[in-house]
Amino acid sequence: MMTWNNHGQEIKDGKKEMLFSELYSLLTSGLDFGRSFRLLIEGEGDKHLRRLLESLYASVVKGKTLWESFAGSKRFSALDCGVLRIGEETGRIDESLRFLADYYHKRIEQRRMVTGAISYPLIILVTAVVVLVFMITVIVPMFEQVYARMGGELPGITRWIIGVSNSFPNYLLVALVIMSLIAIYFLLYGKTDATRAFMAKVVLKMPLAGELIRKNYQARFCKLLYLLCSSEVPLLRGIEMLKDIITFYPYQRSFGTIAEGLRKGEFFADKLGEYPDIYDRKLYTLVRVGEETNRLEDMLLKQGEDLTRELEHKLKQMGNLMEPVLILGVGGLVAIVLISMYLPMFRLGGVIG
């Protein structure tokens, strides 16, 4: 019954939040897993999701673990399956479900914040691109014909804009070819370590976005490791499990080095300190204190919550910053095109005067 997977497309975050939250509520109400899952199936109105839940339940009944059934459906992320695996192996499946429900709830809220922050600037940007393309492909050629009949030497900026207009189809073709080659490359080699390392480096160096991505992964790292440690999973085992859950290359690579250091008896904080580009100094300090005072779980929880709040604050700041920057940038580009086209007329008016 595990053959249906709707072409392997992942379930939307809203559905995941509802699924994990309802299953958590049913299990914590005192019902056993079988009864809880059957009630979950009976109460599902979406026929596609209901069929998926039925296939998951049938797989569990046949002897597979819950996380194996979720992984086999190809509809859930590595994070979902990894957290469920933690819960099953530690006997704390209810906490894993609560963690996933809270994770997707906050993820949805963050997405709404991002959408609200960039929706208006994005509309401005799209409108500006359309206007600029129209000006370069339609308006500039009209001015070029007028100036050709008038004769005379054109200002340098006007000649440059006319040159851009004449070459615009070639630029567009080159851009399409480059984009096609990049897409083909990523289809063929996108999963290699070299490509993943290069893309991660580029992403983390991006202004604003790089810092947001780094804080997001750090917060996820702290919360997941807290879940593992509070479930009495040994630290070394927890780090090894995170390699299959957090797949962003710099972090996944760091987990291997950290695990190797822990096997040799090195301190966890010292291994984190070897990666200052992906782990903040504050995290290193808190982990160091947690190791020395035997309160690593508390420190991880605190840092995870602090990073989440910082991330939400940065998202709001980004929205407030993007709007004026885009307006000024777009206004400047339009002004350059208009001035370059009307500058010869101004000169002609001065000569006639």
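On the basis of being charged (D, E, K, R), crowded, with 20+ Cβ neighbours inside 10 Å and out of contact with any Lys or Arg (no Cβ under 9 Å at 6 or more places or on another chain), does ARG50 make the cut? Considered against the rule, which asks whether it is charged (D, E, K, R), crowded, with 20+ Cβ neighbours inside 10 Å and out of contact with any Lys or Arg (no Cβ under 9 Å at 6 or more places or on another chain), ARG50 comes out as no. Only one of the listed residues (LEU315, LEU286) is touching a residue at least 24 places away in the same chain (Cβ under 8 Å) and within 25 Å of ASP102 (Cα to Cα). That residue is LEU315. Here ILE136 passes the criteria (1) under 14 Å from LEU333 (Cα atoms); (2) in a loop (DSSP other than H, G, I, E, B) except the one numbered (2).
Report whether or not TYR226 is closer than 30 Å to HIS313 by Cβ, out of contact with any Leu (no Cβ under 9 Å at 6 or more places or on another chain) and surrounded by 14 or more Cβ atoms within 10 Å (Cβ to Cβ). In short, no.
In this structure, is SER165 in a helix (DSSP H, G or I) and either in contact with a strand residue (DSSP E or B) (Cβ under 9 Å, 6 or more places away or on another chain) or at pLDDT 80 or above (or both)? Lay out the reasoning, then the answer.
Values: in a helix (DSSP H, G or I): yes; either in contact with a strand residue (DSSP E or B) (Cβ under 9 Å, 6 or more places away or on another chain) or at pLDDT 80 or above (or both): yes.
Taking the combined requirement at face value, the residue satisfies it.
Among the helices (runs of 4 or more DSSP H) lying completely within the range 9-120, list those that include at least 2 residues that are farther than 20 Å from SER231 by Cβ.
Numbers: elements: 13-28, 33-42, 47-61, 66-73, 78-90.
Filter on the range 9-120 gives 13-28, 33-42, 47-61, 66-73.
Would you check if there is a residue in the range 310-332 being surrounded by fewer than 16 Cβ atoms within 10 Å (Cβ to Cβ), β-branched (Val, Ile, Thr) and either assigned to a loop (DSSP other than H, G, I, E, B) or at pLDDT below 90 (or both)? Taking every residue of the range 310-332 in turn, at least one turns out to be surrounded by fewer than 16 Cβ atoms within 10 Å (Cβ to Cβ), β-branched (Val, Ile, Thr) and either assigned to a loop (DSSP other than H, G, I, E, B) or at pLDDT below 90 (or both). The set of residues in the range 68-127 that are of a type in the set (Val, Ile, Thr) and more than 22 Å from LEU235 (Cα to Cα) comprises ILE108, VAL114, THR115, ILE118, ILE123, ILE124, VAL126, THR127. Residue-level check: of (1) part of a helix (DSSP H, G or I); (2) outside the structural domain of LYS282 (by TED's automatic domain parsing), ARG237 misses just (2).
The values are calculated or read from the model by the stated rules, or taken from the named source; none is laboratory data. Because the structure is predicted, anything quoted here is derived from the model rather than measured. So basically every Cβ, Gly included, is an ideal-geometry build from the backbone, and we count neighbours across all protein chains shown.
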